[in-house]
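I have placed the structure first, in the form of structure tokens, so that the comments after it can refer back to it.
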Amino acid sequence: MTQLTRPASARMEAFRRLLQCREPFVRGEREQVLSSVIEQSVQARMVASAPRMETLPATLHYDRKDPFAVRMAFPGPATLEGTEVSWEFSRELLATGMDGPAGVGDVRVRPFGYDRTVLEFHAVEGIAMVHVRTSELRRFLKRAQELVPVGDEYRFMDLDGDLTDLLGGSA
């Protein structure tokens, strides 16, 4: 007689391997692995000397391959240069800056009122300040936290590969 199902020990081994996988899962009609990247569109309001603040589309980006960083990108039509401009900064800076002033370098974050957060981007050309709804930032950070919990970032880093790239050698 031909056996149509795997023996119990083989099914158990497959189940154990599944549990050891670090990829997060979504439950639906069938399980599937989530992406390792999060992108979320937000509306940023550019603070300018004019009385009316211009609304700009922006994209928040988080990649678990670089688990400590977030990126905020502004599309070409929204920039003076006409090309996409991206600012990369720490996830911790964004989280801390929503509750109190944070940052001393090129990127600074602070709360503004009860529902907005100000992000300041300092460059040689000047300072760009944008307001973003705090709820949108919190939603983005919650999704990043689900992908890579704070404190577990080291688990998602390829230190050997990064060190090999840094030293210009091969693995």
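The values are calculated or read from the model by the stated rules, or taken from the named source; none is laboratory data. What you see is a predicted model, and the numbers here were worked out from it, not measured in a lab. Cβ atoms come from the backbone with ideal geometry, glycine included; neighbour counts cover every protein chain shown. All accessible areas refer to the heavy atoms of the entire protein, side chains included, with ligands and DNA or RNA removed. Shrake-Rupley method; radii C 1.70, N 1.55, O 1.52, S 1.80 Å.
Give the residues of the stretch 58-82 that are hydroxyl-bearing (Ser, Thr, Tyr) and modelled with pLDDT under 85, sorted by residue number. Passing the criteria: only Thr79. When the stretch 67-89 is limited to residues that are in contact with a helix residue (DSSP H, G or I) (Cβ under 9 Å, 6 or more places away or on another chain) and not hydrophobic (A, V, I, L, M, F, W, C), the one that is nearest to Glu153 (Cα to Cα) turns out to be Pro67.
Residue by residue through the stretch 74-100, note down the ones that are charged (D, E, K, R) and under 20 Å from Val148 (Cβ atoms). Listed by number, the residues that qualify are Glu88, Arg91, Glu92. Of the residues contained in the stretch 27-38, none is found to be modelled with pLDDT of 85 or more, under 17 Å from Glu136 (Cβ atoms) and over 12 Å from the mean Cα position of the chain (by Cα). When the test is whether a residue is within 29 Å of Phe121 (Cα to Cα), open to solvent by less than 70 Å² (accessible area, probe 1.4 Å) and at pLDDT below 75, Thr55 does not pass it. Sort out which residues of the stretch 93-129 are more than 23 Å from Pro67 (Cβ to Cβ) and touching a Leu at 6+ places or on another chain (Cβ under 9 Å), and write them in order of number. Correct list: Arg110, Glu125, Ala128, Met129. A Cβ distance below 9 Å, combined with a sequence gap of six or more or placement on separate chains, defines the contacts here; from the stretch 63-78, residues that are in a strand (DSSP E or B) reach residues that are open to solvent by less than 20 Å² (accessible area, probe 1.4 Å) and hydroxyl-bearing (Ser, Thr, Tyr) in the pairs Ala69/Tyr62; Val70/Tyr62; Arg71/Tyr62.
Conditions tested, residue by residue: (1) open to solvent by 30 Å² or more (accessible area, probe 1.4 Å); (2) over 13 Å from the mean Cα position of the chain (by Cα).
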position: Asp63; (1), (2): yes, no
position: Pro67; (1), (2): no, no
position: Val70; (1), (2): no, no
position: Thr79; (1), (2): no, yes
position: Phe89; (1), (2): no, no
position: Gly97; (1), (2): no, yes
position: Asp106; (1), (2): yes, yes
position: Gly113; (1), (2): yes, yes
position: Glu125; (1), (2): yes, yes
